[in-house]
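There's a structure below that I have some questions on.
The values are calculated or read from the model by the stated rules, or taken from the named source; none is laboratory data. Just so it is clear, the model here is predicted, and its values are computed rather than measured. For neighbour counting, all protein chains shown are included, and Cβ atoms are generated from backbone atoms with ideal geometry for every residue, glycine included. These accessible areas exclude ligands, DNA and RNA; they are computed on the full protein's heavy atoms, side chains included. Shrake-Rupley method; radii C 1.70, N 1.55, O 1.52, S 1.80 Å.
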Amino acid sequence: MAKYDENQIQVLEGLEAVRKRPGMYIGSISSRGLHHLVYEIVDNAVDEALAGYCTEINVEILPDNIISVQDNGRGIPVGKHPKMGISTLEVVFTVLHAGGKFGGGGYKVSGGLHGVGASVVNALSESVYVEACDGDGVYAASFARGKTIETTHKVRDGKKPGTKVIFKPDSQIFETTVFETDVLVQRLREMAFLNKGLKITLWDKRTEGTEQMVFHYEGGIKSFVEFMDKGKDPVNSEVVYFEGEDKDVQVEIALQYTTSYSENILSFVNNIPTGEGGTHVDGFKRGLTKSFNDYARRFNILKEKDDNLAGEDIREGLSAVVSVRVLEPQFEGQTKTKLGNSEVAGVVNSIMIDKMGQFLEENPSIAKAILDKTISAQRAREAARKARELARRKTPLESTTLPGKLADCQEKDASKCEIYIVEGDSAGGNAKQGRDRKFQAILPLWGKMLNVEKARADKIYNNEKLNPVIVALGTGIGADFNLEKLRYHKIILMADADVDGAHIRTLLLTFFFRHMRPLVENGNIYIAQPPLFKLFKKGMEDVYCYNEADLDVKLKELEEKGITREQLSMQRYKGLGEMDAEQLWDTTMNPETRILVRVELEDAVKADQIFSVLMGENVEPRREFIEQNAKYVTNLDI
Ligand code: 28F
């Protein structure tokens, strides 16, 4: 047994404290705390890599959940530690917070729950076995629950320098001692991304037939962003990478824009994930926003009078990794994962303004693509804000009075009721006359009053245009939406089959999708199909055709009855207004004869994207979308 001088007593008391309150050192004794033991040991090997001596770290999960970690660094020194009278190796594993990290200098993985040192692993393990080789012989020591079992001694000849630690977590301490491979995969892969060129392997040997996993990325955090964006469509050709240093702060940034709408920024300090962000992320965001606004103003994309582009809109579709190295990181926040060092914000901000500004100058087409996206994001956000205001504006929505233009139905059971939202007053008039007022309500919509061609989505959303729809349906919008309050179980959009009609339909669909989505998902929304053609002849019932294909079919049917094309006259309908009330009923409103299209959006997320395209400027994609995406379901009522 090792001799017990005052040093050893103090050491044991230190590690006793760790066993008494493990949560203080590794956060918890749950599965998370268990996995932290691995990170402690791996971090020491990574420090050796950061120091420039280790290029490979091999992690194995052995049967009975024993962990083995090996590196090819210099090997922990085994000579007598001048002050402590024991080997440096034993100091590293028995003195709290011992080890190179606290010797100042270099960027160590330390701070927060990281860097508490290998001694904590010793205190919380049933057994620890360490081998170290500095190129001349392999030395070993062993420990148990903080106590030294075997002091450092030579175990064999060996030439390959490095350190190997094998430990078994203490089942008396941890709620579980079963390691989860995926949890280790995620963190080890992250460490490999953050330390470009470092090869980290993981092999779960608890079961037969598993393979060694290798995490090795020469691209470092560029590869990280590529990994984050797998399966997304990038806007910029390749991941953008910046690095810089100032005031002892080392900065690495990788970023990429994709057509997605989410913002995804991962940040790290000395390889430690900072889930709560902090000054490095603040500096990054500020610098990004400034670089884009400076560019937009310089190239007159933003006019003098225009407000600045908001950071939130600029970051739509952005994936980024911000990794900084700081000598003395200060961690704040709920879970100690927020960087507090104030000097870091300025360093990152200026690197971003300088490097991102330069990137935008050198890549105008990418800059334009991103700015276009930003501007449509801004518009959608404003429209959504207005829609929220609408929902919050108590009076019109809470008012029990229904909109004046609504011709309501008599039936009170919502499941039997349907509301036609009709474009234009003339069609609205005919629909009111032609309908079956027992169960059909009519709400004429703004019609030509609003030239939807020019009006941008935000104007459409404002209240006097859509408010009647919201009040008539009764459900409220957005967070206040309540499907129980729906007054009609069929909401039928009836507009002309021309571009105007398609545009209005689109905007209504977009509005429903973004602010009353359950209506779409629940299948309450339909599109009325007015006829496109009428075939007529003296003494013959009018024949209505709903699209080109239908026209061919009807013509053939008539030919079989001996009525040739020459004998027929054909009218092409341009708008609902050309039909009188009776025709409108027969062709488009009578449940027995009409054709309704139920709007089913196969993939809500994809639709959200498509709708965003529809919110854009050019109408063409809008019309295509309507024709392609709304699924045709004939004679739904039967
Ligand atoms: C599998 C876990 O822990 N690797 C380590 C080293 C290398 C040195 C070191 C570690 C220096 C003075 C404390 C070697 N030669 N892998 C590891 N590799 N610790 S931990 O030094 C310890 C400190 O006291 C090392 C020269 N300098 C440093």
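Considering only residues that are part of a strand (DSSP E or B) and open to solvent by 60 Å² or more (accessible area, probe 1.4 Å), which ones fall in the stretch 57-87? Spell out the reasoning first.
So the first thing to find is which residues in the stretch 57-87 are part of a strand (DSSP E or B), and the list is 57-62, 66-71, 80, 87.
The answer is Gln70, Lys80.
Looking at Gly162, Gly158, which one is more than 21 Å from Val321 (Cβ to Cβ), within 16 Å of the ligand (Cβ to nearest atom) and in contact (Cβ under 8 Å) with a residue 40 or more places away in the chain? Break it down into steps so the answer makes sense when it comes.
Details: Gly158 fails: in contact (Cβ under 8 Å) with a residue 40 or more places away in the chain.
It is Gly162.
Looking only at the stretch 71-94, how many residues end up being more than 6 Å from the ligand (Cβ to nearest atom), at pLDDT 90 or above and out of contact with any Asp or Glu (no Cβ under 8 Å at 6 or more places or on another chain)?
Looking only at that region, the number is 9.
Looking at the stretch 507-608, what strands (runs of 3 or more DSSP E) fall wholly within it and have at least 3 residues that are open to solvent by 10 Å² or more (accessible area, probe 1.4 Å)? Reasoning before the result, please.
Values: elements: 525-528, 533-536, 543-545, 569-572, 596-598.
By residue number, 569-572.
Follow-up. With Tyr139, Tyr129 as the choices, which residue is more than 12 Å from the ligand (Cβ to nearest atom) and either closer than 27 Å to Gly33 by Cβ or open to solvent by 10 Å² or more (accessible area, probe 1.4 Å) (or both)?
Numbers: Tyr129 fails: more than 12 Å from the ligand (Cβ to nearest atom).
Residue meeting the stated conditions: Tyr139.
From Met570, Met589, which residue is among the aliphatic types (A, V, I, L, M) and within 23 Å of Gln433 (Cα to Cα)? Walk me through how you get there before you give the answer.
Values: Met570 fails: within 23 Å of Gln433 (Cα to Cα).
Just a single option satisfies the conditions, and that option is Met589.
Select from the stretch 187-225 the residues that are among the charged types (D, E, K, R) and within 26 Å of Ala45 (Cα to Cα) and list them in ascending order. Give the derivation first.
Taking the stretch 187-225 and keeping what is among the charged types (D, E, K, R), we get 187, 189-190, 196, 199, 204-206, 208, 211, 218, 222.
Listed by number, the residues that qualify are Arg187, Arg189, Glu190, Lys196, Lys199, Asp204, Lys205, Arg206, Glu211, Glu218, Lys222.
Counting only residues that are within 41 Å of the chain's Cα centre (by Cα) and within 23 Å of Arg505 (Cα to Cα), which one in the stretch 416-426 is modelled with the lowest pLDDT? Break it down into steps so the answer makes sense when it comes.
Taking the stretch 416-426 as the starting set, the residues that turn out to be within 41 Å of the chain's Cα centre (by Cα) are 416-424.
Within this subset, residues satisfying the condition of being within 23 Å of Arg505 (Cα to Cα) are 417-424.
Values: Cys417: 97, Glu418: 98, Ile419: 97, Tyr420: 96, Ile421: 95, Val422: 92, Glu423: 82, Gly424: 74.
Top of the filtered list is Gly424.
Still on this structure, please answer the following. What's the number of the condition Asn300 fails, among (1) in contact with a Leu (Cβ under 8 Å, 6 or more places away or on another chain); (2) farther than 14 Å from Val281 by Cα?
Unmet condition: (1).
Each row is one residue, and each column tells you yes or no for (1) surrounded by 14 or more Cβ atoms within 10 Å (Cβ to Cβ); (2) part of a helix (DSSP H, G or I); (3) basic (Lys, Arg).
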site	(1), (2), (3)
Arg297	yes, yes, yes
Val321	yes, no, no
Asn349	yes, yes, no
Phe359	yes, yes, no
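Kindly establish whether Ile29 is outside any helix (DSSP H, G or I), surrounded by 17 or more Cβ atoms within 10 Å (Cβ to Cβ) and in contact with a Ser or Thr (Cβ under 8 Å, 6 or more places away or on another chain).
Details: outside any helix (DSSP H, G or I): yes; surrounded by 17 or more Cβ atoms within 10 Å (Cβ to Cβ): yes; in contact with a Ser or Thr (Cβ under 8 Å, 6 or more places away or on another chain): no.
No, not satisfied.
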